[in-house]
Amino acid sequence: MTPTDAGRGLDAFRADIPLYTLTFAKGLSPVELLTRMGVDPETLALRDAAGLDDAFGDTLLDEDEPVVTTGTDGAWTWARELGGKHGLDEGVLSAVSHGTEAVALHHNEKPMHWFRYAVGGDIVVDFHTLQPIEPTGLDPWRLDAFMRPLGLVAGRSAPVHGVLALAEDAFGLRVTPAEDDEERWSGSLLPLPAEERP
């Protein structure tokens, strides 16, 4: 598949998906990413889609102890939470980005997109789309050269899929769906302390 017919790396998330959180880390293995995110080690295993359902059943979409699946695309490993938003938590993202860089993307039914970029344990760029764009973080305009052409401009409302386009354009992020019966690392994240929930 050539880059021109592969589509955008996050096209699947441009569909009508009411809730998702994606956490990307550069250069980490799937097990290391899940460990840094706080996976319950007793739940960590390679599973296909059927195995995921068998292992977690009714708790598959749990918000407090979200089930996560992983994959690696290029230099980046990703974790998709099926019901939670642990990846947005500053402590989690700090741990994930220690010694590397990480991106967290969240979407919910409000509708809202949230973008966080961290390097070496620090959040560098942070913004959401419930209000006009006003990035915060250690270097809030670091990604301005990518944001401006996408309409992600200070004081303006964000275009519908601007956050996904930013992740694709600035970092080349993508999520490749699993093949039939393909096993990927998965597990359940331990609950966040109540005061740390995003």
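Of these, Val175, Val124, Val92, which one is under 17 Å from the mean Cα position of the chain (by Cα), among the hydrophobic types (A, V, I, L, M, F, W, C) and in a helix (DSSP H, G or I)? First the steps, then the outcome.
Working: Val175 fails: in a helix (DSSP H, G or I); Val124 fails: in a helix (DSSP H, G or I).
None of the others qualify; the one that does is Val92.
If you check Val153 against the conditions, is it surrounded by 15 or more Cβ atoms within 10 Å (Cβ to Cβ), under 27 Å from Thr72 (Cα atoms) and of a type in the set (Val, Ile, Thr)? Answer is no for this residue. Do we find that Leu28 is part of a loop (DSSP other than H, G, I, E, B), at pLDDT 95 or above and on the phi < 0 side of the Ramachandran plot in this structure? So Leu28 passes the test. With respect to Ala25, is the statement that it is among the small types (Gly, Ala, Ser), crowded, with 20+ Cβ neighbours inside 10 Å and touching a residue at least 60 places away in the same chain (Cβ under 8 Å) true? Yes, satisfied. The condition of being within 19 Å of Leu192 (Cα to Cα), in contact (Cβ under 8 Å) with a residue 40 or more places away in the chain and either in contact with a helix residue (DSSP H, G or I) (Cβ under 8 Å, 6 or more places away or on another chain) or of a type in the set (D, E, K, R) (or both) holds for Asp62. Looking across Ala45, Ala102, one residue alone is farther than 28 Å from Ser157 by Cα and not hydroxyl-bearing (Ser, Thr, Tyr). It is Ala45.
Here's the yes/no breakdown for (1) surrounded by fewer than 16 Cβ atoms within 10 Å (Cβ to Cβ); (2) under 19 Å from Val31 (Cβ atoms):
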residue: Leu61; (1), (2): yes, no
residue: Glu65; (1), (2): no, yes
residue: Asp73; (1), (2): yes, yes
residue: Thr77; (1), (2): no, yes
residue: His86; (1), (2): no, yes
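Being in a loop (DSSP other than H, G, I, E, B) and not aliphatic (A, V, I, L, M) is a property that holds for Pro159.
Restricted to region 23-38, and to residues that are of a type in the set (A, V, I, L, M, F, W, C) and within 15 Å of the chain's Cα centre (by Cα), which residue is nearest to Trp185 (Cα to Cα)? Here the answer is Leu34.
Scanning region 127-147 finds one or more residues that are of a type outside the set (Val, Ile, Thr) and within 15 Å of the chain's Cα centre (by Cα).
The number of residues in region 127-148 being at negative phi, open to solvent by 20 Å² or more (accessible area, probe 1.4 Å) and part of a loop (DSSP other than H, G, I, E, B) comes to 10. The set of residues in region 148-172 that are within 15 Å of the chain's Cα centre (by Cα) and hydrophobic (A, V, I, L, M, F, W, C) comprises Val163, Leu164, Ala165, Leu166, Ala167, Ala170, Phe171. Please verify whether region 108-119 includes one or more residues that are in contact with a helix residue (DSSP H, G or I) (Cβ under 6 Å, 6 or more places away or on another chain), under 26 Å from Ala45 (Cα atoms) and crowded, with 18+ Cβ neighbours inside 10 Å. Checked region 108-119: no residue is in contact with a helix residue (DSSP H, G or I) (Cβ under 6 Å, 6 or more places away or on another chain), under 26 Å from Ala45 (Cα atoms) and crowded, with 18+ Cβ neighbours inside 10 Å.
Within region 158-194, the set of residues being among the β-branched types (Val, Ile, Thr) and open to solvent by less than 30 Å² (accessible area, probe 1.4 Å) comprises Val163, Val175. In region 132-146, the count of residues that are over 26 Å from Asp64 (Cα atoms), polar (S, T, N, Q) and at pLDDT below 95 is zero.
The values are calculated or read from the model by the stated rules, or taken from the named source; none is laboratory data. Being a predicted model, the structure only gives us computed values, none of them experimental. We place every Cβ from the backbone using ideal geometry, glycine too, and count neighbours over all the protein chains shown. Just the protein is used for accessible areas: all its heavy atoms, side chains included, with ligands, DNA and RNA removed. Shrake-Rupley method; radii C 1.70, N 1.55, O 1.52, S 1.80 Å.
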